[in-house]
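Student: Here it is, the structure, as structure tokens.
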Amino acid sequence: MSPKDVPSAGPRTRRDRCPGALRPWPADDGLLVRLRLAGGRLPARALRDVAAVAAEFGDGRIHVTGRANLQLRALPGRDGRLTPAALRAVEGTGLLPSPAHDLVRNIMASPRVGGTGGPGRAGGRGDLRPLAAELDRLLCADPRRAELPGRFLFVLDDGRGDLLERSCDLGVVALDARVAQLRVGDGWGPVVPFDEAPAALVGLADEFLARRGEGPTAAWHVAELPTPLTDPVAPDPRLPTPAPPLPYGPLPGGGRHVPVPDEGLDRAAAEALAEEAIAAGHGEHDDLVVTPWRGVLVPGGPQ
């Protein structure tokens, strides 16, 4: 959102107002909807569908956020809700798997495939896609977790260090192909196997919910709790050094990182990216990836 769309910061006297599909933000040009993507993953078909929604109901463009999510602007509605037709179209994209958890599916991940697989995407220590997908599933599996604040953020770094300096509430950093160290607010948690990380993260999220308090003054972030969420742990010596953002342009071995302009992608540009992903030979369900640097990673080469 632009500054004019967001109320100025001040003493905490209200619940967070991060927009979603069922809780749009009333901007000057109409309702603003945010579509959350687990780890930025975006099927080519879904990108086409979102472009169609933007063209029919909104300003004709798909906007991206610094948390690797999508936004649609100028949508119709009243009393803070989309019109039924617009909401059905948004739901038809498949990007709203659990309406109750719409606001809390905030999962940012290193956008490239980790390990040695995926030409143009190597360099990380492990593949975070299964971890992000399982974390998303667990978040949506418990009605209580829908009460997490809309600003509560999970950040998953595959060990290349590209998201190491991103602030988070909870997260992981891969240490090798098997284990990762948990991030807990501004500090560190224990080292856990990859396959145990999603359950560890939602367990900590549950503990945050139990401690955050009630009403509009309740904590939004782990760092706001009066006592640490978990016993502090020293950073593991295997942690990577921070890495720069993924550069725009062609990637070694195939694929490319495409910047999204401030005005967003129009339908033609979105269709072209979807076609490019499909032409890579993986079908309409192959994922593009919206990156934390306001870009789209388009696959290329064998996977």
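Student: Among the residues of the stretch 130-162, write down those that are assigned to a loop (DSSP other than H, G, I, E, B) and aromatic (Phe, Trp, Tyr).
Tutor: The one that is assigned to a loop (DSSP other than H, G, I, E, B) and aromatic (Phe, Trp, Tyr): PHE152.
Student: Give GLY39, GLY77 a once-over and let me know the one that is touching a helix residue (DSSP H, G or I) at 6+ places or on another chain (Cβ under 7 Å) and over 22 Å from PRO245 (Cβ atoms).
Tutor: On inspection, the qualifying residue turns out to be GLY77.
Student: Considering only the stretch 139-165, how many residues are surrounded by fewer than 23 Cβ atoms within 10 Å (Cβ to Cβ) and either free of Cβ contacts under 8 Å to residues at least 40 places away in the same chain or small (Gly, Ala, Ser) (or both)?
Tutor: Counting residues in the stretch 139-165 that are surrounded by fewer than 23 Cβ atoms within 10 Å (Cβ to Cβ) and either free of Cβ contacts under 8 Å to residues at least 40 places away in the same chain or small (Gly, Ala, Ser) (or both) gives 4.
Student: Take the stretch 169-193 and flag every residue that is under 19 Å from the mean Cα position of the chain (by Cα) and surrounded by fewer than 22 Cβ atoms within 10 Å (Cβ to Cβ).
Tutor: The one that is under 19 Å from the mean Cα position of the chain (by Cα) and surrounded by fewer than 22 Cβ atoms within 10 Å (Cβ to Cβ): LEU182.
Student: A further question follows. Please give the number of the condition ALA205 fails out of (1) hydrophobic (A, V, I, L, M, F, W, C); (2) closer than 22 Å to THR65 by Cβ; (3) surrounded by fewer than 19 Cβ atoms within 10 Å (Cβ to Cβ).
Tutor: (3)
Student: Just checking, does the stretch 264-277 include any residue being of a type outside the set (D, E, K, R), at pLDDT 95 or above, in contact with a Leu (Cβ under 6 Å, 6 or more places away or on another chain) and closer than 21 Å to GLY150 by Cα?
Tutor: No, the stretch 264-277 has no match at all.
Student: Across the stretch 42-90, which residue is nearest to GLY295 (Cα to Cα) among those that are assigned to a strand (DSSP E or B) and of a type in the set (Gly, Ala, Ser)?
Tutor: Of everything passing the filter in the stretch 42-90, ALA74 is nearest to GLY295 (Cα to Cα).
The values are calculated or read from the model by the stated rules, or taken from the named source; none is laboratory data. Every value quoted in this text rests on a predicted model; they were computed, and no experiment measured them. Please note: Cβ atoms are built from the backbone with ideal geometry, for glycine as well, and neighbour counts cover all protein chains shown.
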